[in-house]
Amino acid sequence: MKLGRFLAYAGVVVAIASAAAWALAPRPVRVELQPVRIDRFEQLVREEAAARVSDRFVVSTPVSGLLERPWLRVGDPVAPGAIVALMRPAPPAIRDARTVAELRERAAATEAALLRARANVELARTALERAQSDHQRIRELASRGYVTASAEEQARNLVTQQAQSLKAAEFGAQAAQHELLQAQAAVREGQWTGGPPKASQLEIRTERAGTVLKILRDSEAVVAAGTPVFELGDVSVLEIVAEVLSQDATAIRPGMPVRM
């Protein structure tokens with residue numbers, strides 16, 4: 001009885017020792033094998049970038065005026081010397097009835113000044129003719145010795161003076177004529193009620209070939225000289241722009257290959 005119990009205890013101890021030995025025993029580690037070879041090491045700098053046209057230029061209006069609505073669209077090719085926009089004289093400002101009445105009165109006063117200037121021309125011409133006649137008569141008398149040489153000289157000087165007075169009167173009449181034309185043009189401008197004038201169209205041309213990248217003025221409007229209208233560029237020449245970290249930028253050198 002005691003022997004059987006001893007054997008049972010001994011079997012349990014052996015089993016526990018065997019289990020502990022199996023649990024604590026070292027096991028093999030699973031590894032991956034790869035053949036070693038000499039190859040090239042590449043370090044990549046991966047960033048998001050943007051493509052843009054490097055050669056671009058802006059077409060602007062050369063003068064102030066009414067810019068017509070452009071017909072070009074983004075992406076349209078443009079040849080050298082092609083017409084890209086049209087301009088016309090800007091419409092005059094709208095004026096009230098009082099201003100128009102003042103312009104009419106000013107035109108009437110200018111017309112009266114012109115009539116007065118023309119009358120002065122006739123008076124100066126008559127005075128010149130009279131001085132020339134007197135000078136002719138005094139010169140004949142001087143040749144016969146009836147008058148002195150100083151009298152003949154005074155008559156000659158009077159002719160010269162009257163000739164200058166006639167020129168001054170003629171210049172005054174011309175100035176009055178121009179003032180009248182200006183006043184009449186102002187009256188016509190004040191009475192303007194229609195659309196903008198169709199005459200004197202100005203063609204805006206481009207000196208270089210390119211593609212329309214941006215339309216800066218897409219509607220009809222009165223613009224000042226130098227207003228940008230189109231932005232053109234050569235889309236066959238692009239540049240790639242990317243922002244990288246400082247630590248990556250120090251590793252980048254000119255001539256390195258780039259994959260996009």
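Take the solvent-accessible surface of the protein heavy atoms, probe 1.4 Å, and return the percent of it on the chain that carbon and sulfur atoms account for. Working shown, then result.
Numbers: 11120 of 19750 Å².
Answer for the chain is 56 percent, counting heavy atoms of protein chains only.
About the Cα centre, and with charges only on the beta carbon of Lys, Arg (+1) and Asp, Glu (-1), how big is the dipole of the chain? Nearest 20 debye, please.
Values: 33 positive and 30 negative charges, 215 e Å.
It works out to roughly 1040 debye.
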key: Karplus-derived 3J(HN,Hα), 6.51/-1.76/1.60, for each residue of segment 220-236, Hz, glycine and proline x   = 6, 6, 7, 10, 8, 5, x, 6, x, 10, 10, 10, 10, x, 9, 6, 7
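Give me the extension gain from Ser18 to Ala251: residue separation times 0.36 nm, minus the current Cα-Cα distance, reported in nm with one decimal. Kindly include the intermediate steps, with their values, before the conclusion.
Numbers: separation 233, 0.36 × 233 = 83.88 nm, distance 6.06 nm.
Additional length available on full extension: 77.8 nm.
In percent, how large is the relative contact order of segment 1-131, given Cα pairs closer than 8 Å and 6 or more residues apart? Kindly include the intermediate steps, with their values, before the conclusion.
Details: 27 pairs, mean separation 19.2, N = 131.
Relative contact order here is 15 percent.
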task = Rank these residues by their accessible area, most exposed first, probe 1.4 Å: Thr206, Thr250.
result = Thr250, Thr206
remark   = Cα-based Rg and Dmax for the chain, in Å, come out at 51.2, 197
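What is the extension gain from Arg27 to Trp71, computed as 0.36 nm multiplied by their sequence separation minus the C-alpha to C-alpha distance, in nm to one decimal? It would help to have the intermediate numbers written out before the result.
Values: separation 44, 0.36 × 44 = 15.84 nm, distance 8.18 nm.
Here the answer is 7.7 nm.
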remark   = The long-range amide H neighbours of Phe230, using H built 1.01 Å from N in the peptide plane and a cut-off of under 5 Å, are Val59, Leu216
request  = Give the accessible surface of the chain per residue, rounded to a whole number of Å², with probe radius 1.4 Å and ligands, DNA and RNA excluded.
outcome  = 76 Å²
request  = Mind listing the long-range amide H neighbours of Glu220? Cut-off is under 5 Å, sequence gap 5 or more, other chains count too, H placed in the peptide plane at 1.01 Å from N.
outcome  = Arg69
query = Mean residue ellipticity at 222 nm from the helices of the chain, using -39,500 (n - 2.57) per DSSP H segment of n ≥ 4 over the full residue count, to the nearest 500 deg cm²/dmol?
reply = -16000 deg cm²/dmol
message = With unit charges on the beta carbons (Lys and Arg positive, Asp and Glu negative) and the dipole taken about the Cα centre of segment 38-183, which residue among Thr148, Val59, Ala85 sits farthest to the positive side?
response = Thr148
ask   = At a probe size of 1.4 Å, how large is the accessible area of Ile138, to the nearest 10 Å²?
value = 40 Å²
task = List the residues whose amide H sits under 5 Å from the amide H of Thr206, counting only those 5 or more places along or on another chain, with H placed 1.01 Å from N in the peptide plane.
result = Gly81, Ala82, Val84
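Ratio of segment 1-139's C-alpha Rg to 2.2 N^0.38 Å, to two decimals? List each step's numbers first, then the result.
Details: Rg = 57.3 Å, N = 139, 2.2 N^0.38 = 14.3 Å.
Ratio of Cα Rg to 2.2 N^0.38 Å: 4.00.
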remark   = For segment 100-248, the Cα-Cα pair-distance distribution in 5 Å bins from 0, as whole percents, is 2, 7, 8, 8, 7, 7, 7, 6, 6, 6, 6, 5, 5, 4, 4, 3, 3, 2, 1, 1, 1, 0, 0, 0
task = Taking 7 Å along the Cα-to-C-beta vector as the label spot, tell me the Ala149-Glu102 distance in nanometres, rounded to one decimal.
result = 6.3 nm
inquiry  = Pick from Ala183, Ala23, Ala225 the residue whose mean-square fluctuation is largest in a GNM of the chain, springs joining Cα atoms under 10 Å.
reply    = Ala23
ask   = Using bins 10 angstrom wide from zero, how does P(r) for segment 30-89 break down, in % of all Cα pairs?
value = 12, 26, 17, 10, 10, 9, 9, 6, 1
message = Can you give me the Kirkwood hydrodynamic radius for segment 61-170, using every pair of distinct Cα atoms, in Å to one decimal?
response = 20.5 Å
query = Quick one: Karplus J couplings for segment 168-178, per residue in order, coefficients 6.51, -1.76, 1.60, θ = phi - 60°, nearest Hz, x for Gly and Pro?
reply = 4, 5, 5, 5, x, 5, 5, 4, 5, 5, 5
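The values are calculated or read from the model by the stated rules, or taken from the named source; none is laboratory data. All values derive from a computational prediction rather than experimental measurement. Every residue, glycine as well, gets a Cβ built from its backbone with ideal geometry; the counts of neighbours run over all protein chains shown. Only protein heavy atoms, including side chains, enter the accessible area calculation; ligands, DNA and RNA are left aside. Shrake-Rupley method; radii C 1.70, N 1.55, O 1.52, S 1.80 Å.
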